[in-house]
Amino acid sequence: MSSDACPVLSALVETWGHALLDADREVLLGPYDERIAAAPPGPADARALMALDWLVRECAPAWLHHAGGRDQARKLTRLTSVDGDPARTRAAIDAALRSASRLSDGADDRSRDAGFAAANASGARAAAVAAAKGDSPLATVAAAVATACAEAAAAAARWDRDLSPVLLRTQGSALDLLDAMIELE
């Protein structure tokens, strides 16, 4: 990645790339190298907010819903924007974190490993790292939201639910996010 590249885009792609298998990394992220290098670095804070918004309103709800936390998933999905009402967003995030933690209680090491790997491969941790590059007051909770994704995925693995449908859906959604972030000027 060029040193002139947007730090948010670089953080997203580098962190996500580390969570993927080599073959997956090349297929999913390989086509983005040139586009990211050519993207204007200027709107980093807006991109960071986009990453946080995706993490809170798309990624976390997908994993929570799959693990059985449908009410909390709906509450996160219904947020209009993570930046519109920070107090309301923070309350919804805190409730989702508690729900994910409850759902994953009793998960064994195998389930936890599978859940954390799937959530990270979906782009959750990468979005949290990218969001932390911005100046939103909610950026500090991004890592906790990524952990909630992983806890929910661990809960789903605990109940032997197939994680691949959510993984594929969130990866596709994360690629759409990446496209939108690159296009931002």
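Tabulated data for the structure shown
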{"read-out": "Search result, residues across the stretch 80-125 that are acidic (D, E) and buried (at least 19 other Cβ atoms within 10 Å of the Cβ)", "value": "none"}
{"read-out": "Residue match in the stretch 44-57 (condition: among the hydrophobic types (A, V, I, L, M, F, W, C) and over 15 Å from the mean Cα position of the chain (by Cα))", "value": "yes"}
{"read-out": "Lone unmet requirement of (1) buried (at least 19 other Cβ atoms within 10 Å of the Cβ); (2) hydrophobic (A, V, I, L, M, F, W, C); (3) farther than 23 Å from R161 by Cβ for A46", "value": "(1)"}
{"read-out": "The stretch 28-43, subset in a helix (DSSP H, G or I) and over 11 Å from L12 (Cβ atoms), residue nearest to the chain's Cα centre (by Cα)", "value": "L28"}
{"read-out": "Residue within the stretch 57-70 that is more than 21 Å from A11 (Cβ to Cβ), touching a Ser or Thr at 6+ places or on another chain (Cβ under 8 Å) and part of a loop (DSSP other than H, G, I, E, B) present", "value": "yes"}
{"read-out": "Subset tally (residues that are touching a residue at least 60 places away in the same chain (Cβ under 8 Å) and closer than 12 Å to W63 by Cα) for the stretch 124-149", "value": "5"}
{"read-out": "Selection count where residues are modelled with pLDDT under 90 and hydroxyl-bearing (S, T, Y), scope the stretch 66-88", "value": "2"}
{"read-out": "Breaking point among (1) touching a residue at least 60 places away in the same chain (Cβ under 8 Å); (2) surrounded by 15 or more Cβ atoms within 10 Å (Cβ to Cβ), for R35", "value": "(2)"}
{"read-out": "Criterion (without any contact (Cβ under 8 Å) to a residue 60 or more places away in the chain, among the charged types (D, E, K, R) and closer than 14 Å to A180 by Cβ) met by exactly one of D53, D22", "value": "D53"}
{"read-out": "Residue list for the stretch 90-143, restricted to those being of a type in the set (D, E), in a loop (DSSP other than H, G, I, E, B) and at pLDDT 90 or above", "value": "D105, D108"}
{"read-out": "Members of the stretch 11-26 that are over 12 Å from A51 (Cβ atoms) and part of a helix (DSSP H, G or I)", "value": "E14, G17, H18, A19, D22, A23, D24, R25, E26"}
{"read-out": "Selection within the stretch 144-171 - part of a loop (DSSP other than H, G, I, E, B) and surrounded by fewer than 18 Cβ atoms within 10 Å (Cβ to Cβ)", "value": "W159, D160, R161, D162"}
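Here's the yes/no breakdown for (1) under 17 Å from M50 (Cβ atoms); (2) among the acidic types (D, E):
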{"site": "K75", "(1), (2)": "no, no"}
{"site": "R98", "(1), (2)": "no, no"}
{"site": "N120", "(1), (2)": "no, no"}
{"site": "A142", "(1), (2)": "yes, no"}
{"site": "A146", "(1), (2)": "yes, no"}
{"site": "L168", "(1), (2)": "no, no"}
{"site": "E185", "(1), (2)": "yes, yes"}
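The values are calculated or read from the model by the stated rules, or taken from the named source; none is laboratory data. This one's a predicted model, so the numbers in the text were calculated from it and none came from an experiment. Don't worry about glycine lacking a Cβ; one is built from the backbone with ideal geometry, like all the others, and counts go over all protein chains shown.
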